[in-house]
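Down below is the structure, laid out as structure tokens.
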Amino acid sequence: MANYRFYDVFEPKEFQDFVRDIVQIRENIKLENFGDSRDGGMDGRFICSKGEVTVLQVKRYKAYSKTSLQQELKKVNEINPDRYILALSYDAEPDTKDKIKEMFKPYIKNTSDIVLNADFNDYLGDVSGK
């Protein structure tokens, strides 16, 4: 299986669209798409029949940046979703994912809601049957 570095493969909007498609398949949901405008911290949103809101935010960064993620947290606090899925274009160690999950508590429910570069490669492998 190829090991893509998605930061290098996609421009920001392309990466956002790619991630949205992968997350929709993974979660078996259809996310609202907000186009190229300032999204206020939401690149996708799903509201279930019970009214619970899931927000997808996609960040195309080269590497982990606590400062950048803290800026995102301010937006998430304003949105106050029931669940937050954060997709990042880099890879991180398990302890970094744990730190991100803790930073975004209670919005990120588990570390699988932090989707990284290696996860996208893995999903592509699953789809291709390898």
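The values are calculated or read from the model by the stated rules, or taken from the named source; none is laboratory data. A quick note: this is a predicted structure, and the numbers were derived from the prediction, not measured. Cβ placement follows ideal geometry from the backbone for every residue including glycine, while neighbour counts extend to all protein chains displayed. Surface accessibility is based on the protein's heavy atoms, side chains included, excluding ligands, DNA and RNA. Shrake-Rupley method; radii C 1.70, N 1.55, O 1.52, S 1.80 Å.
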Rounded to whole Å, give me the distance from the Cα center of segment 56-74 to that of segment 102-122. 12
Straight-line reach from LYS101: which lysines fall under 21 Å, measuring Cα to Cα and dropping same-chain residues less than 8 apart? LYS59, LYS62, LYS66, LYS74, LYS75, LYS109
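Taking the Cα centre of the chain as origin, work out the dipole magnitude from +1 charges on Lys and Arg Cβ and -1 charges on Asp and Glu Cβ, in debye rounded to 20.
280
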Based on DSSP H runs of at least 4 residues, each adding -39500 (n - 2.57), what is the mean residue ellipticity at 222 nm of the chain after dividing by all its residues, to the nearest 500 deg cm²/dmol? -13000 deg cm²/dmol
Taking the chain as a Gaussian network, Cα atoms linked when under 10 Å apart, which of ASN28, ASN80, ASN117 shows the biggest mean-square fluctuation? ASN28
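Would you work out what percent of the accessible area of the chain, with all protein chains in place, is carbon or sulfur (probe 1.4 Å)?
Numbers: 3430 of 7410 Å².
Carbon with sulfur: 46 percent of the solvent-accessible area.
In nm, what is the difference between 0.36 nm times the number of residues separating ASN28 and TYR123 and their Cα-Cα distance? Intermediate values should be presented prior to the final figure.
On the way: separation 95, 0.36 × 95 = 34.20 nm, distance 1.38 nm.
Full extension of this stretch gives 32.8 nm more.
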Identify which of SER89, SER68, SER49 has the largest mean-square fluctuation in a Gaussian network model of the chain, with springs joining Cα atoms closer than 10 Å. SER49
Amide proton proximity set for ILE85, modelled H, under 5 Å, gap of 5+: VAL55, LEU56, GLN57
For segment 74-126: Kirkwood Rh in Å [reciprocal of mean 1/r, alpha carbons]: 11.6
Roughly what would the spin-label model give for GLU52 and SER112, points 7 Å off Cα along C-beta, in nm? 1.4
Interchain or long-range residues, amide H under 5 Å from GLY41's placed H: none
Volume per residue, Å³, of the convex hull around the alpha-carbon atoms of the chain? 108
Quick one: accessible area per residue over segment 1-94, 1.4 Å probe, rounded to a whole number of Å²? 58
